[in-house]
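These notes are about the structure you will find just below.
The values are calculated or read from the model by the stated rules, or taken from the named source; none is laboratory data. In this text the structure is predicted, and so the values were computed from the model without any measurement. Ideal geometry is used to build each Cβ from the backbone, glycine not excepted, and the neighbour counts take in all protein chains shown. All accessible areas refer to the heavy atoms of the entire protein, side chains included, with ligands and DNA or RNA removed. Shrake-Rupley method; radii C 1.70, N 1.55, O 1.52, S 1.80 Å.
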Amino acid sequence: METGKFWFIIIFVSLVAGIFTGVQHFQGVDAANAQVIETKSKLSQLKDTLVARQDEWAKVSVLASKAQQAVSKEAPLTVKRDELKTHVRRLEGDFKYMVKSVKEAVEKIRAAGVGVEFPEVKLTNGKILNAAKIKKLEPMNISFIHADGFTIVSYDELPEDIRERFDMGGNGLAEQLAAAEQTIQTANYSGVKSSGKPFKPSKDHIGVSGLQTIQGLTINCPVPLNSAPSPAEVAGLVRIQVFGGSEPAKEIDVALTVMDAPVGKKPDIDVALKGAIEGMIRTGVSKHSQSTLDLTITGFPAKRSSFSGISQGQPVSVESLGIARNERLYLIQIAFSNKDPKNRDTVSAILSSVTVE
């Protein structure tokens, strides 16, 4: 009896333990199943995310490959561009040095020419100067003391051998190199293209030495410019304005004319320059010569004109710059004396500084 109770207790305990274990097992299985389902859901989401990321990475890889190819192609071009820039700067430096050297050499030759004597000088007009001696030598003329007195001879009346010896006239080597240098300097100021937007010039800033703004044109000029009397009416123009100034000590006169044509009509630079030159000739300038260069100023067509001659027995030089901006035409004229050799450099620097809005 006691033994039967003992086994009953053992069987009951085992059964309870088995039931308890089974419940725990099934609870654990249910929890595991729930966790598995949740994990599968997360895994599915991760797979979808991974696929999307793989697609994005594939696109990025393609773009990166193309970018790398572009960089590989551009790198040699960039190196070549930098090499060309360096080469151009070196050439410009060499050219400037050559211009300076030629100019100094010509000045030395001309300075050494003072006092040179000639048994006779046959001028192109047929006149002969006997026992001629150079008293003064300038780029456009030579002053001679000779058997019959004193004569100033313009370069175009001199024999060719004397013109070449002293590099005389507007077409001399020094002048041609200076003009070429001016063209290079002007081109360096012409890299900005026109935007095509309506023209709204900045407020005028004039009457001061240095940077001045006049009707949309900016110029770095040591001569203060002020408004000058303008013609009341000019055929074919809506308005004409004149600004000017002078530097008596250096014998430099600067004039800026701003001409506005009717809408749709563009002023002709050649006509304006021709009229200006004809006006100077009418004042009595003789033995004149002229040269013209085509330029671009701030993206607009322009022309540079060099004019020289004799006025009242003295050489006169005028550098002009015409710029056409739609219906507006700017004409800058600078008259200067050749007595100071630095004047030409000053004039070139002034014209090189010009920009147009």
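Of note:
- From the list Asp148, Asp167, the one residue that fits, being open to solvent by 20 Å² or more (accessible area, probe 1.4 Å) and touching a residue at least 60 places away in the same chain (Cβ under 8 Å), is Asp167.
Let's see how each residue does on (1) assigned to a loop (DSSP other than H, G, I, E, B); (2) of a type in the set (D, E, K, R); (3) under 28 Å from the mean Cα position of the chain (by Cα):
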{"position": "Gly264", "(1), (2), (3)": "yes, no, yes"}
{"position": "Gly279", "(1), (2), (3)": "no, no, no"}
{"position": "Gly284", "(1), (2), (3)": "yes, no, no"}
{"position": "Ser289", "(1), (2), (3)": "no, no, no"}
{"position": "Ala302", "(1), (2), (3)": "no, no, yes"}
{"position": "Ser305", "(1), (2), (3)": "no, no, yes"}
{"position": "Ser317", "(1), (2), (3)": "no, no, yes"}
{"position": "Gly322", "(1), (2), (3)": "no, no, yes"}
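- Taken over segment 80-102, the residue count meeting the criterion of being under 30 Å from Ser143 (Cβ atoms) and open to solvent by less than 60 Å² (accessible area, probe 1.4 Å) is 3.
- The single condition from (1) in a helix (DSSP H, G or I); (2) at pLDDT below 85; (3) not basic (Lys, Arg) that Asp270 fails is (2).
- Taking residues in segment 119-130 that are without any contact (Cβ under 8 Å) to a residue 60 or more places away in the chain, and partners anywhere that are among the basic types (Lys, Arg) and surrounded by 12 or more Cβ atoms within 10 Å (Cβ to Cβ), the pairs with Cβ atoms closer than 6 Å and at least 6 places apart or on different chains are Ile128/Lys122.
- Note on segment 318-347: among residues that are of a type in the set (S, T, N, Q) and at pLDDT 85 or above, the one that is least open to solvent (accessible area, probe 1.4 Å) is Ser320.
- Which numbered condition Val285 misses (of (1) buried (at least 17 other Cβ atoms within 10 Å of the Cβ); (2) at pLDDT 80 or above): (2)
- Condition met for Lys133 (open to solvent by 70 Å² or more (accessible area, probe 1.4 Å), among the charged types (D, E, K, R) and assigned to a strand (DSSP E or B)): yes
- Exactly one residue out of Ser317, Ser305, Ser311 is among the hydroxyl-bearing types (Ser, Thr, Tyr) and touching a residue at least 60 places away in the same chain (Cβ under 8 Å): that is Ser317.
- Every listed requirement among (1) at pLDDT below 90; (2) surrounded by 12 or more Cβ atoms within 10 Å (Cβ to Cβ) is met by Lys108 save one, (2).
- If you go through segment 250-273 and pick out every residue that is open to solvent by 60 Å² or more (accessible area, probe 1.4 Å) and within 28 Å of Ile152 (Cβ to Cβ), you end up with 3.
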